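Below: one structure, written as structure tokens.
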Amino acid sequence: MGTVSQDHDAQLDRDTLAAMYEETFRNLEEGTITEGRVVALTKDKVVVDIGYKSEGMISNDQFSSEELANLKIDDRLQVYIEECEDADGNLVLSKEKADKMKIWEELEKLYKDEKSIEGKVVSRIKGGMMVDIGVKAFLPGSQIDLHPVRDLDGLVGKVFPLKIIKINHRRGNVVVSRRVLLEETRDKKRQTTLANLKEGQLIQGMVKNITDYGSFIDLGGIDGLLHITDMSWGRVGHPSEMFTVGDKVEVAVLKYDRETGRISLGLKQKTADPWTNVAGKYPIGTRVRGRVVSLTDYGAFVELEPGVEGLVHVSEMSWTHEVRHPSKVVAVGDQVEAAVLNVDPASRKISLGMKQTAPNPWDMIEGKYSIGTKIEGKVKSLTDFGAFVGLDEGIDGLIHISDMSWTKHIKHPSELFKKGQKVEAMVLRIDKEKERLSLGYKQLDRDPWDEAIPSRYHVGDSVTGQVSKIADFGIFVELDGEVEGLIHISETGVEPNVKLEEKFKLQDGVTAKIIKVDQDERKIALSLRDHQLDSERQQVDEYHSSQGGPDQSLGRAVKQSRKRQQADE
């Protein structure tokens, strides 16, 4: 009886166990994840019991070396059921697939909850970067940063927080963005910055961009413009002279327009305006030293201190030379000494003079050379109106063309002088205010018109000379003693339709009659026609003498010629 009861109980246990296995089998589905217990560790397998009628085997290569080292009997694992029974009736499990499915579940949850995940950039591919977030994900180039990134290769190996913007488990496709998180952070910073921003406050920022007209400063999610004119009280040629992108800088908020969102910033406003005490610091007459910072056609700007510049006009650079451009005297970067001539704080202008730091040579000239003094110097330059002669004191004197010869008609100074030639001259006038020294060359000799010429040349005399110049109105003849006489075109005897150049050549010898000597005008007038008439009259007289009486026909011809002459005159 007892034996029958025991057999009955054993059969019941087997039926219960079979029912339990049957129930477990119904709850286990291929392609799902379940939890199992490690029951054995072999050389190349991990044996896992998931409550099925048989244990499953997982290859060791699905575990990392660290996981295998820490794995123990009875440890719990999440496994993926690939097959409940393969061709051999074995249970096929996968830890690797379970891990991946778990990751996909987590990624989908992160995507749904709009949360971020850290990812490591592993490589550069077309259109962006490949990142590892547990699975391979694509980070488009446009989603890497708020601004285009030039060196994409430099991002490989870096870890960034990312946000999933697209996911498709079935296709294994995940797209992530770093820019979305940066924009969110920027927007939060912007709201905080704008809430606390007010004009006049000092605020920390970072140089974000540099242009020709200024630098844009990131104040924390919002940019402000630091204009080049507000960078320094001194001269700034380009913002890059003061900043580079990424520099940290403290600036003052000059203006904030809440409607447009524009923010104007200032750096120089953190310090006092140096022009507030310029008048007291640089009184007129003060000697100063400074650096040439800029050149213009009209002068040189000299920096006396940061933010304070003075102008040396070209007229204030030299006592002795006419400076046509300041580059002939100074260059940018030169240290110069000058005297303060005028200060206008309201217009922020200081007038400086360089020549005032040295003695005025015109004071020396006035005391050294009296009128009538003879000087010696070299011809420095020639102009149409005269020759400039340099004196030892560095001053140039002018020999005007009218003071070169008592007797010659000088058309250009080059007829008498050459550049570099040593010459003597006489001081005629000194004008200290206009800084002019007039010299005379002809004054070295006595004026021949005072006595010599009037006593030597008389009206009616015949003189011989050489053609020295030919003009439209007549020809100049050089006589003895370097005196010139003019034969007016009406006195040449040349027909009106004939040019003088066709009848006369330079250096031609001519004999003419003096018809006028004007001592006041310093002119001698000659006549070829009168000389010819005189020659004709002499021939008539000689003929009369040889014939014993006058020839009436020849006399009438001479009279008619004289009448024509009187009519022409």
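Just so it is clear, none of the values below were taken in a lab; they were calculated from the coordinates. This is a predicted model, so every value here is computed, not measured. Here the Cβ positions follow ideal geometry from the backbone for every residue, glycine too, while neighbour counts run over all protein chains shown.
Could you please rank HIS147, HIS488, placing first whichever residue has the fewest other Cβ atoms within 10 Å of its Cβ?
Ordered from fewest to most neighbouring Cβ atoms within 10 Å, HIS147, HIS488 come out as HIS147, HIS488.
Using Stokes-Einstein with the Kirkwood hydrodynamic radius over Cα pairs, what translational diffusion coefficient do you get for region 114-182 at 4 °C and a viscosity of 1.567 mPa s, in µm²/s rounded to a whole number?
In µm²/s, the coefficient rounds to 109.
Given the -39500 (n - 2.57) contribution per DSSP H run of 4+ residues, what per-residue ellipticity at 222 nm results for the chain, rounded to the nearest 500 deg cm²/dmol?
-7000 deg cm²/dmol
Based solely on C-alpha atoms, express the radius of gyration and the Dmax of region 361-444 in angstrom.
When restricted to the Cα atoms of region 361-444, Rg and Dmax are 12.0, 36 Å.
What residue among GLN62, VAL459, GLN191 has its Cα farthest toward the positive end of the dipole of the chain, where the charges are +1 on Lys, Arg and -1 on Asp, Glu, each on the Cβ?
Most positive-ward Cα: VAL459.
With 10 angstrom as the radius, rank ARG171, ARG537 by how many other C-beta atoms surround their C-beta, starting from the fewest.
Placing the least packed residue first, the sequence is ARG171, ARG537.
Work the Kirkwood hydrodynamic radius out for region 320-366: mean of 1/r over every pair of different alpha-carbon atoms, inverted, in Å.
Here the Kirkwood hydrodynamic radius works out to 12.9 Å.
Just the Kirkwood number for region 427-478, please: inverse of mean 1/r across all distinct Cα pairs, in Å, one decimal.
The answer is 14.9 Å.
Report the Cα-based extents of region 170-262 along its three principal axes, largest first, to the nearest Å.
Extents along the principal axes, in whole Å: 65, 29, 21.
Full-extension gain between ARG171 and SER545, please, as 0.36 nm times their residue separation minus the C-alpha to C-alpha distance.
120.0 nm
Can you give me the relative contact order of the chain as a percent, contacts being Cα pairs under 8 Å and 6 or more apart?
5
Could you give me D for region 335-485, from Stokes-Einstein at 37 °C and 0.692 mPa s, where the hydrodynamic radius is the Kirkwood radius over C-alpha pairs? Units µm² s⁻¹, please.
Answer from the Stokes-Einstein relation: 175 µm²/s.
Give the aspartates and glutamates reachable from LYS432 as a straight Cα distance under 16 Å; neighbours fewer than 8 places away on the same chain don't count.
GLU316, GLU322, ASP363, GLU366, GLU393, ASP396
Mind checking the dipole of region 361-444: about its Cα centre, +1 per Lys or Arg Cβ, -1 per Asp or Glu Cβ, Debye to the nearest 20?
With Lys and Arg at +1 and Asp and Glu at -1, about 360 debye.
Give me the percent relative contact order of region 197-270, please, defined on Cα pairs under 8 angstrom at least 6 residues apart.
Computed over region 197-270, the figure is 37 percent.
Using the Cα centre of region 361-444 as origin and beta-carbon charges of +1 (Lys, Arg) and -1 (Asp, Glu), tell me which of PRO361, GLY397, TYR441 is placed farthest towards the positive end of the dipole.
Result: TYR441, furthest along the dipole toward the positive end.
Round to the nearest 0.05 the FRET efficiency obtained for ASP273 and ALA195 when R0 = 45 Å and r is the Cβ-Cβ distance.
So the FRET efficiency works out to roughly 0.90.
What would the Debye equation give as log₁₀ I(q)/I(0) for region 274-357 at q = 0.14, 0.18, 0.21 Å⁻¹, counting only Cα atoms as equal point scatterers?
Each listed q corresponds, in turn, to -0.40, -0.67, -0.90.
Where does region 54-179 land on Rg/Rh, using Cα atoms and the Kirkwood Rh?
For region 54-179, the value is 1.09.
Can you pull the percent of Cα pairs in the chain with separation above 39 Å?
Across the chain, Cα pairs with separations above 39 Å total 68 percent.
Arrange the peptides 522-529, 459-466 so that the one whose residues have, on average, the most other Cβ atoms within 10 Å appears first.
522-529, 459-466
Looking at the calculated P(r) for region 419-544, what percent of the C-alpha pair distances fall above 24 Å?
45
Please compute the modelled spin-label separation between GLU30 and THR296, points set 7 Å along Cα→Cβ, answer in nm with one decimal.
Reported label-point gap for THR296 and GLU30 is 9.2 nm.
Can you spot the lysines whose alpha carbon is less than 26 Å from LYS97's alpha carbon? Ignore those fewer than 8 places along the same chain.
Straight-line reach from LYS97, under 26 Å: LYS43, LYS45, LYS53, LYS72, LYS109, LYS112, LYS115, LYS120, LYS136, LYS163, LYS166.
Using a Förster distance of 56 angstrom, determine the FRET efficiency expected from the C-beta separation of GLN421 and THR211, and round it to 0.05.
Step by step, r from the Cβ atoms, then E = 0.45.
Could you rank the peptides 426-435, 131-140 by their average count of other C-beta atoms within 10 Å per residue, with the highest value first?
Going from most to least packed, we get 131-140, 426-435.
Any of LYS102/LYS126; LYS248/LYS349; LYS380/LYS411; LYS189/LYS270; LYS248/LYS270 with alpha carbons more than 22 Å apart? Name them for me.
Correct reply: LYS102/LYS126; LYS248/LYS349; LYS189/LYS270.
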